[in-house]
Amino acid sequence: MKIARTIAEMRDLTANSSRPLGFVATMGALHDGHLSLVRAAREQCHEVVMSIFVNPLQFGPSEDFDRYPRDEERDLKLAEREGVDIAFVPSVDEMYPGGRATSVSVSGVTDRYEGASRPGHFDGVATVVAKLFGIVGPDLAFFGQKDAQQVAVVRRMVTDLSIPVEVVGCPTIREPDGLAVSSRNAYLDDAERKAAPVIHRCLGAGRASLEDLGEPAAAESAMLEALRGEPLVRVEYAAAVDPASFGPPVPGGQVLLIVAATLGRTRLIDNLPIDVGGQI
Ligand code: AMP
């Protein structure tokens, strides 16, 4: 595996890459979710680039940028073992040398949920992903459906800016008890970790309600009801949305159930796509 630390090194390394070139963007602290994206990329691409960059732009002032888990040596070993061809590991100065006068902002799909809870977050995501696409020049880019609103934002940005990258959404990888694998799960103490799977279970309750009644509002109530049973969990939102716009579900279309909740100091999100086959 080759390692690039500067944009110039990265461009040199991909100048003669055999195409299609696959790309997986990460903030490191690699886990099975990240590695599943590499596997998908390897299946569909001749070469795979992974970026490891904790992007300060997408963290709010009171969020966990400083304490975000970082272990470059371990990450590079895991990436190499999984068959990544090139790791791009830039510093913050390399990515943002002259300040931040330009940013990419996607409206509409960012209005609610993660966009509303984390002001500026999706501007940070869109800006860094646009930069990374410009630096790496991939044909396909692999993103986890675990961050479904992020996938919708990146898809919208790629369409609106005519960026020649195919965005591939990959399924959420879960722990045996259903909790979505996340770097932030490491923040949970024992009691919080035990309570956390309710975030996944509430999505099942929402699905059962939706399949039964075909009513997004009833599905939302069922999710909230399931979450109420767990006193350690503070719900931020539980909703049924259209997976592309994150507005209300479209009759006949797919419904995405989404949830965000906080356990102690740790904020977790999850979602479940449901094909309701024209019921709503
Ligand atoms: P992050 O390092 O958190 O920015 O995540 C990098 C990529 O890994 C994003 O596309 C995430 O959606 C994806 N990812 C994170 N957790 C999971 C998971 N449990 N299953 C699948 N993909 C994931």
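We did not get these values from a lab; they are worked out from the coordinates using the rules stated. All of these numbers come straight from a predicted model, not from anything done at the bench. Glycine also receives a Cβ, built like all others from the backbone with ideal geometry; neighbour counts cover every protein chain displayed.
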Which ordering of Ile135, Ile258 is given by a fewest-first count of other beta-carbon atoms within 10 Å?
Ile135, Ile258
Rel. contact order, % - alpha carbon contacts under 8 angstrom, at least six apart, the range 1-113:
36 percent
Phi angles of the range 177-184, converted by Karplus (6.51 cos²θ - 1.76 cosθ + 1.60, θ = phi - 60°) into ³J(HN,Hα) in whole Hz with x for Gly and Pro, give 8, x, 4, 5, 5, 8, 4, 7
What ³J(HN,Hα) values, in whole Hz, does the Karplus curve 6.51 cos²θ - 1.76 cosθ + 1.60 give for the range 258-266 when θ = phi - 60°, with x put for Gly and Pro?
10, 8, 9, 8, 10, 10, x, 9, 9
Distance from the Cα centre of the range 66-119 to that of the range 24-61, in angstrom?
9 Å
Table column - 3J(HN,Hα) (Hz), the range 59-68, Karplus curve with 6.51, -1.76, 1.60, x for Gly and Pro:
9, x, x, 9, 8, 9, 3, 5, 9, 4
Determine, for Asp212, Asp85, the number of other Cβ atoms within 10 Å of each Cβ, and report the residues in order from fewest to most.
Asp212, Asp85
Please get the size of the charge dipole for the chain, origin at its Cα centre, with Cβ charges of +1 on Lys and Arg and -1 on Asp and Glu, quoted in debye to the nearest 20.
240 debye
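If you stretched the chain out fully between Arg5 and Asp66, how much longer would it get, using 0.36 nm times the residue separation minus the C-alpha to C-alpha distance?
Values: separation 61, 0.36 × 61 = 21.96 nm, distance 2.08 nm.
Here the segment from Arg5 to Asp66 would lengthen by 19.9 nm.
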Extreme residue, positive dipole direction of the chain, given options Cys170, Val54, Ala260 (C-beta unit charges):
Val54
Non-local residues with an amide H under 5 Å from the amide H of Ala4, with H modelled 1.01 Å from N and Pro and chain starts lacking one, are Ala87, Phe88, Val89
Taking the number of other C-beta atoms within 10 Å as the exposure measure, put His200, His46 in order starting with the fewest.
His46, His200
Suppose every Lys and Arg Cβ carries +1 and every Asp and Glu Cβ carries -1, with no other charges. What dipole size does the range 102-237 come out with about its Cα centre, to the nearest 20 debye?
260 debye
Amide H within-cut-off set for Glu236, under 5 Å, with H built and near neighbours excluded
Ala260, Ala261, Thr262
Residue separation between Arg174 and Arg81 times 0.36 nm, minus their alpha-carbon distance, gives in nm 31.4 nm
Assign one of three labels to the range 1-68, namely rounded, prolate or oblate, based on the Cα gyration tensor with a ≥ b ≥ c the square roots of its eigenvalues; rounded applies when a/c is under 1.5, prolate when it is not and a/b is larger than b/c, and oblate otherwise.
oblate
Top mean-square fluctuation among Gln149, Gln44, Gln58, Gaussian network model of the chain, C-alpha springs under 10 Å?
Gln44
Which residues does the label zone of Ala191 cover in the range 212-250, counting backbone N under 12 Å from a point 7 Å along Cα→Cβ?
231-233
Find the relative contact order for the range 26-68 and round it to a whole percent, using C-alpha pairs within less than 8 Å whose residues are 6+ positions apart.
45 percent
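Could you give the DSSP H helices of the chain that reach 20 angstrom or more along their long axis (alpha carbon positions) and whose average Kyte-Doolittle hydropathy is no lower than 1.0?
121-136
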Once the dipole of the range 71-132 is set up from charges on Cβ (+1 Lys and Arg, -1 Asp and Glu), the residue from the list Leu132, Ala87, Gly108 lying farthest towards its positive end is Gly108
Simple spin-label model, 7 Å along Cα-to-Cβ: Gln254 to Asp160 in nm?
2.1 nm
How high is the FRET efficiency between Ala15 and His46 when r is their beta carbon distance and R₀ equals 25 Å, given to the nearest 0.05?
0.95
Mean separation of Cα contacts under 8 Å (6+ apart) over length of the chain, as relative contact order %:
17 percent
Work from the charge dipole of the range 157-238 (Cβ charges, +1 for Lys and Arg, -1 for Asp and Glu, about the Cα centre) and give the residue of Leu203, Ser183, Met223 farthest towards its positive end.
Ser183
What does the helix-only formula give at 222 nm for the chain: each DSSP H stretch with n ≥ 4 adding -39500 (n - 2.57), the total divided by the residues, and the result rounded to the nearest 500 deg cm²/dmol?
-11000 deg cm²/dmol
Treating cross-link reach as a plain straight distance, find the lysines whose alpha-carbon is under 24 Å from the alpha-carbon of Lys194, omitting any fewer than eight places away in the same chain.
Lys146
Among the lysines, which have Cα under 19 Å from the Cα of Lys77 when same-chain residues fewer than 8 positions away are ignored?
Lys2
